[in-house]
Structures are given as structure tokens and as C-alpha cells.
Amino acid sequence: MEKPYMDENWIFSKYIGENLSTYEIAQICNVSSECIRIWLKRFGILRRDAYKSNASKYTPELEEFIIGSMLGDGSLIWGCNGISAYFSLSGKYKEYLEYIEFQLKRLGILRRGKLEQYTGEFGSFYLLQSKYYRGYFACQRELWYPNGKKTLPNGIKITPNILRMLYIEDGSLSLNYRKKRVETVSLFLNDFELNDVEIIRDLISLELGVEKAVLHINPNKPAQYGILMHKRDAIIKFFNYIGACPDEIVGCFEYKWPIIEGSIIDYNWRNSHGKTKYTTGTSRIGLGVV
């Protein structure tokens with residue numbers, strides 16, 4: 001039986017008439033995008049340039065992903081100014097970037113190039129970059145970087161998925177090693193100005209149901225800020241809100257989740273996997289973010 005993409009009029013109407021990408025057509029036909037490209041070539045239908053053909057469309061799930069990673073370590077970078085942008089994220093753990101790649105693919109966003117390890121001035125890291133996408137990605141690039149610097153867009157929201165991603169990518173625990181207890185949860189927002197950090201703090205306080213005064217804003221370095229939680233009640237509410245560490249990345253990030261039983265918060269020492277960093281001359285351990 002002839003498949004839809006084998007019909008010249010059908011594939012022309014989808015690719016040219018409806019402006020669908022080869023990936024979107026492939027999803028409809030349950031084949032690979034390479035298969036669609038072959039049939040476009042066979043019918044002599046000229047393909048659009050990549051930065052024009054890949055279209056990203058708004059979905060609530062993609063919005064959550066973008067907000068979570070943009071608050072964390074993610075970036076949106078122009079592929080072609082004003083037309084297309086791509087998502088970029090680097091990190092120490094390949095497992096996490098593979099997890100992010102899977103989430104993006106599920107949302108229709110594909111990787112560009114290989115997920116390879118690089119070495120820079122701060123050590124070795126893996127780099128994940130998406131293909132160039134117009135549409136939603138380009139709009140988000142303009143919203144998050146109105147003057148070329150990352151800025152919090154108006155009307156941002158906080159959800160468990162968003163806050164969990166921020167914590168994974170740019171959060172840490174501060175521990176009392178002698179007493180083996182969790183003392184502080186920190187969320188670092190080094191790319192944002194103080195007024196943006198205050199907005200994020202206020203949104204988190206509403207979601208967790210804690211007073212704003214419980215969420216302290218401290219400069220990590222000059223003009224670099226973090227939100228710190230010291231109160232036991234706030235820490236418990238925070239971890240109840242974001243949920244457990246995703247199963248796919250337990251091997252690299254489970255150490256950031258304490259054991260909470262009732263009102264007791266205990267660090268899972270057996271699952272630290274050597275990721276603790278001792279601070280000389282103190283009894284505290286700083287669990288930094290990769």
C-alpha cells in the first residue's frame with residue numbers, strides 16, 4: 001500500500017503548503033526525517049534552509065522546559081539573528097545531558113552535532129546543542145535577551161518541574177559535617193539582576209507557602225545573587241514541592257536530595273558518590289553544582 005509521503009501532491013501540500021518541517025511530516029507518517037528528505041529530492045521539491053525549515057511551536061511542556069533551564073544553566077543563542085535560535089547547555093555529567101536530550105526530543109526539539117566532551121579553563125564538560133529553530137525558540141530568545149543580556153521576562157511562572165530543573169542545574173546543599181545535617185538549600189541565579197532575583201524569590205515563596213523573609217537573597221559574588229533557605233520548614237516544603245530526583249539521573253544527582261522523615265532532614269551520606277567538597281577550617285561541606 002502506498003504511503004502518504006510517496007504521493008507528490010500530498011508531500012508538496014504538507015512541506016510547501018502547510019510549511020511543515022521534514023521532522024513534523026516524518027512524525028505524521030511514522031518514518032524518519034531522512035526518509036522524507038529522500039522523497040522530497042525524488043520529486044524535485046527544493047528544501048528550505050535549515051534555519052528556515054525547523055519550526056518550534058509553543059506547548060506548556062516546552063514552556064516549562066525553557067523557563068527551568070533558562071533560570072538554570074541553559075542558553076538560547078541566535079542561529080540567524082531575528083529568525084532562528086538554538087538551545088545550548090553544558091555540564092560535567094553526560095547522563096544529565098542525555099536526559100535533557102531525551103526531554104527535548106519528546107518535545108520535538110532535536111540535537112545538533114554530537115554530544116562530545118570538551119576541555120576548557122574550568123575543566124572537562126559535555127556540550128548539548130539543539131538544531132536551529134524559528135518560531136517559539138526565536139521569540140523566547142528575544143524575550144530572555146532583550147538587550148543581549150539574560151533578563152527575566154514578564155509574567156514568568158514557577159512550577160515543580162521548573163524549580164526542580166533550576167535546583168539540579170544551579171542549586172546546592174550546605175551541610176554541617178560534624179552533625180551530619182542539612183543546613184541550607186541554595187539556588188544560584190548569577191545571570192540575573194537583583195530585581196529579577198527578588199521576583200523569582202517572591203514567586204517561590206508563594207508556591208512553597210513560606211514567608212519571603214525565609215528566603216534570603218545573598219550576593220554569591222558582586223552582582224551575582226543566590227536565594228538561600230535555612231529554615232527546616234522551608235527546606236521540607238521545597239523538596240516536597242519539587243519531588244524526587246528523576247530516575248534517569250539518580251547516578252549523578254541523587255546526592256542533592258536529602259532523606260526527609262517527618263520533621264527530620266538528614267543527608268544521604270551513602271549516596272554522595274564522592275561529590276562532597278570539604279571547606280578547609282570549617283565543619284561544613286559545600287555541595288557545589290556542576
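When region 111-167 is examined, which residues are found to be of a type in the set (Val, Ile, Thr) and in contact with a helix residue (DSSP H, G or I) (Cβ under 7 Å, 6 or more places away or on another chain)? Can you show your working first?
Taking region 111-167 and keeping what is of a type in the set (Val, Ile, Thr), we get 119, 151, 156, 158-159, 162.
Passing the criteria: Thr151, Ile156, Ile158, Thr159, Ile162.
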The lone condition Ile77 fails out of (1) surrounded by fewer than 20 Cβ atoms within 10 Å (Cβ to Cβ); (2) at pLDDT below 95; (3) under 24 Å from Tyr136 (Cα atoms) is (2)
Counted residues in region 97-140 being aromatic (Phe, Trp, Tyr), surrounded by fewer than 16 Cβ atoms within 10 Å (Cβ to Cβ) and outside any helix (DSSP H, G or I) come to 2
Note on region 36-62: residues surrounded by 17 or more Cβ atoms within 10 Å (Cβ to Cβ) and either modelled with pLDDT of 90 or more or more than 23 Å from Ile83 (Cβ to Cβ) (or both) are Ile36, Trp39, Leu40, Leu62
Within region 120-147, the residues that are over 16 Å from Ile77 (Cβ atoms) and without any contact (Cβ under 8 Å) to a residue 24 or more places away in the chain are Gly120, Glu121, Phe122
Note on Asp247: of the conditions (1) under 18 Å from the mean Cα position of the chain (by Cα); (2) surrounded by 15 or more Cβ atoms within 10 Å (Cβ to Cβ), unmet is (2)
Verdict on Asn190 being free of Cβ contacts under 8 Å to residues at least 40 places away in the same chain, touching a helix residue (DSSP H, G or I) at 6+ places or on another chain (Cβ under 9 Å) and surrounded by fewer than 18 Cβ atoms within 10 Å (Cβ to Cβ): yes
**Message:** Please determine whether any residue of region 85-94 is of a type in the set (Lys, Arg) and either out of contact with any helix residue (DSSP H, G or I) (no Cβ under 9 Å at 6 or more places or on another chain) or over 30 Å from Pro160 (Cα atoms) (or both).
**Reply:** no
Only unsatisfied item for Asn190, checking (1) of a type outside the set (Gly, Ala, Ser); (2) within 20 Å of Phe239 (Cα to Cα); (3) in the same structural domain as His216 (by TED's automatic domain parsing), is (2)
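The values are calculated or read from the model by the stated rules, or taken from the named source; none is laboratory data. As the structure is a prediction and not an experimental result, all values here were calculated from the model. Note that we place each Cβ from the backbone using ideal geometry, even for glycine, and neighbour counts take in every protein chain shown.
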